[in-house]
Amino acid sequence: MGSTLRCGEEIIANCPYCNIEIRGRKEFVVQKIMLSSPTLMEKKLSISYERPKYCYNCGKPFPWIEKAIESVIEVIKEDEKKLSCGELDQLHHDMIELSQDGPKVKSSAARFNKIIKKLSALTAQMAREIIVDIASDTAKKLIMNI
């Protein structure tokens, strides 16, 4: 379909797993802009769109969620303080839970915070910043200790 200006990735309109159309919230806002004469106004249409995290049909995460989680794992793998394979697998599972607002979000946030404390301060901060971009509101508060 083309590429976005912001990230350069291909724009997708359908779920890559089940091919159903991606839903999201579209808001149409009319703004009035003053032109050279105070009596003339021009109406502009602006669109804001909130990307969904998961497909409503098949439940799979969209590519932007998968890539965020992958980037956290990559950052952590580069840290001088290594995590075990089991900890990395648990962290991956917990990050999926954190991006949703399900019943396991509190335990996932606790484990996420515990595991990243084993990493260097810089890596832990980078992991938090990436995951907060995709986390649910509840998870954000728990991760950032608000």
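No lab work stands behind these numbers, since they all come straight from the coordinates. All values derive from a computational prediction rather than experimental measurement. As a convention, Cβ positions derive from the backbone with ideal geometry for all residues, glycine included, and neighbour counts pool all protein chains shown.
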**Request:** Just subtract the alpha-carbon distance of GLN125 and LYS104 from 0.36 nm times their residue separation and send over the number in nm, one decimal.
**Result:** 5.3 nm
**Prompt:** Rounded to the nearest 0.05, what FRET efficiency do LEU88 and TYR17 have when you use their Cβ-Cβ distance and R0 = 30 Å?
**Reply:** 0.80
**Fill in**
Output ordering of 95-101, 124-130 (per-residue mean of other Cβ within 10 Å, highest first) is 95-101, 124-130
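Provide the gained length on full extension for the span GLU80 to LYS67, in nm with one decimal, where the gain is 0.36 nm per separating residue minus the Cα-Cα distance.
Difference between extended and current length: 2.4 nm.
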**Prompt:** Can you give the extra length, in nm with one decimal, that the chain gains between MET144 and LYS118 once fully stretched, where that is 0.36 nm per residue apart less the Cα-Cα distance?
**Reply:** 7.7 nm
**Complete:** Sorted on mean Cβ neighbours within 10 Å (highest first), peptides 132-138, 58-64 come out as 132-138, 58-64
